[in-house]
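Okay, structure first, notes after.
The values are calculated or read from the model by the stated rules, or taken from the named source; none is laboratory data. These numbers were taken from a predicted model, which means no experiment stands behind them. Virtual Cβ from ideal backbone geometry, glycine too; neighbours counted across all protein chains shown. Side chains included, ligands, DNA and RNA excluded: accessible areas come from the protein's heavy atoms. Shrake-Rupley method; radii C 1.70, N 1.55, O 1.52, S 1.80 Å.
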Amino acid sequence: MAAVAGTTQATADQLAIRFDAVRRRTLDLCQSLAPEDCVVQSMPDVSPTKWHLAHVTWFFETFVLTPRASSYRPYDDSFAHLFNSYYNTAGTMHTRAKRGLITRPTLDTVVAYRAHVDAAVHTLLESDPSDEIAALIELGLQHEQQHQELLLTD
């Protein structure tokens, strides 16, 4: 689905279904992994699974929710640094080669973070099914699918 032109509630509902499917697919890719598997960084040029899970969530929080959902508050302020990646205008970032050293937050916390952000995205999409919001969510989904490819490659 490309950016939704002339977004109606029906197309917003379709986008919400697609959002859930893409987000669920990412978790499904990790189902066979133990929590310990999700923190390993096999080499400096790849990121741990836990980092991917949090980074794609950070993207929705940073570029969709924080600037456009007035009542939204970041889940944890430290995540802005830990899970940023090369988005210099969004702030500082943890060095890619050392992402495997991030022991906290735990995998359970990252999964809770994903659920928190997912619920807020749904609330935003229900209250503001605009073209702008739909386009940003679609961009985030494309971004998440790129990280799914990275997870599979790793």
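Worth pointing out:
- Cα-based shape type of the chain, given that a ≥ b ≥ c are square roots of the gyration tensor eigenvalues and the cut on a/c is 1.5: prolate
- Fluctuation leader among LEU53, LEU124, LEU29 - the chain, Gaussian network, Cα springs under 10 angstrom: LEU29
- Three-way shape label, segment 111-154, alpha-carbon gyration tensor, a/c 1.5: oblate
- Rounded if a/c under 1.5, otherwise prolate or oblate - segment 72-134, Cα gyration tensor axes: oblate
- Of TYR75, TYR87, TYR113, the one that fluctuates the most in a GNM where the chain has Cα springs shorter than 10 Å: TYR87
- Folded to 0 to 90 degrees: helix 49-60 orientation relative to the chain principal axis, Cα: 30 degrees
- Against the chain, whose longest principal axis comes from its Cα atoms, helix 9-29 is set at around 10 degrees.
- Across the chain, the mean sequence separation of Cα contacts (distance under 8 Å, 6 or more residues apart), normalised by length, yields a relative contact order of 40 percent.
- Residue-normalised accessible area of segment 1-149, given per residue in Å² at a 1.4 Å probe: 51 Å²
- Cα lying deepest toward the dipole's positive end in the chain, options PRO105, PHE59, PRO129, charges on Cβ: PRO105
- 20 Å cut-off, amide nitrogen to a point 7 angstrom out along THR8 Cα→Cβ, residues in segment 94-135: 125-135
- Here segment 44-154 is assigned +1 on the Cβ of each Lys and Arg and -1 on the Cβ of each Asp and Glu. Its dipole about the Cα centre then comes out at about 540 debye.
- Surface composition of the chain: carbon and sulfur atoms hold 56% of the protein heavy-atom accessible area at a 1.4 Å probe.
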